[in-house]
Amino acid sequence: MAKSPSPGQRPGERQAGQSQTGPLSPPALEAKFLVSATEPAHFPEPNGLEVIMMGRSNCGKSTLINRWLGRKSLAKTSATPGRTRLLNFFSVVWAPGFAPMTVVDLPGYGYAAAPKAMVRSWEAMVGDYLTAPRPNRLGLILLDIRRAPAREEKDLSRWLASLDIPHQIVATKADKISRSRQSVALALLAKELGGLGPPLAFSATSGQGREELIALVNARQTPPEPTPDTDSEATESQPDADQPK
């Protein structure tokens, strides 16, 4: 029998010390595409937490989004790097009682085949979004675990820190290397990039890291409102039969 969450524990949030072999979190209750944007006038109004997906054009952002949220094709994947040329906004409700959050998929960087004018356009779009006054954001910097961090990741990490946007490093495609090599790669990422906490290894193929990512994001969400116990309230409101009238 699955163990019930402890008081105050939110759905999808793993308790400290809880085994990774415990019950797996279900898919997000709701996940839908909102809008593609190229300029601030097209950005949707801020609505709760915004999770920003950032990384190279071949780091696996779309597959991570789909695996994390439990959807097959919410974020479109492509065999050709650099196809995401817009800011894509998705609305997500994780579980009953949770406020909506927004997932923002930014265009990938570092695609050598893209024309320079297009690269400048992407950079302008990303800059307009990151410097906009949107108060509750969490950045996820994704990179292939087999790659050492490059200048782009270091610059991005420093830029987010200068904007007071907390960010987490997520090393994708973790199934491509052994656990021992993962440990070495994660230690290097922690040293070079920092972030909110230790870098997270994630595999869209095996599901490794999904529970940790869910817990990380849900911990920054506004806790769901407790559901009132209508039966107990009704009982308390009734007069005691032994009381004098």
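What follows draws every value from the coordinates through simple rules; no lab data is involved. Note that the structure is predicted; figures quoted are calculated from it, not measured. Note: ideal-geometry Cβ built from the backbone for every residue, glycine included; neighbour counts use all protein chains shown.
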- prompt: Expressed in nm to one decimal, what extension gain is obtained for the pair Ala132 and Lys72 from 0.36 nm per residue of sequence separation less their Cα-Cα distance?
  reply: 18.5 nm
field: For the range 30-224: relative contact order, % (alpha-carbon pairs under 8 angstrom, 6 or more apart)
entry: 24
field: Net charge of Cβ neighbours under 10 Å - reference Arg56; Lys, Arg +1; Asp, Glu -1
entry: -1
- prompt: Given that compact globular proteins tend to follow 2.2 N^0.38 Å, what is the ratio of the alpha-carbon Rg of the range 30-224 to that value?
  reply: 0.96
task: Could you compute the FRET efficiency for Glu30 and Trp159, with r as their C-beta to C-beta distance and R0 at 35 Å, rounded to 0.05?
output: 0.65
- request: Obtain the nm distance between the two label points defined at Ala219 and Glu192 by a simple spin-label model: each point lies 7 Å from its Cα along the Cα-to-C-beta direction.
  value: 2.5
- request: With θ set to phi - 60°, apply the Karplus curve 6.51 cos²θ - 1.76 cosθ + 1.60 along the range 125-133 and write out the HN-Hα couplings as whole Hz, x wherever there is a Gly or Pro.
  value: 4, 5, x, 4, 6, 5, 8, 6, x
field: Rotationally averaged projected area of the range 148-222 (alpha carbon convex hull; nm²)
entry: 5.4
message: Taking 2.2 N^0.38 Å as the expected size of a compact globular protein, what ratio does the Cα radius of gyration of the range 109-193 give against it, to two decimals?
response: 1.23
query: Ranked by Cβ crowding within 10 angstrom, fewest neighbours first, how are Leu163, Leu74, Leu140 ordered?
result: Leu163, Leu74, Leu140
Length gained when the stretch Asp175-Ala150 is fully extended (0.36 nm per residue, less Cα-Cα span): 6.9 nm
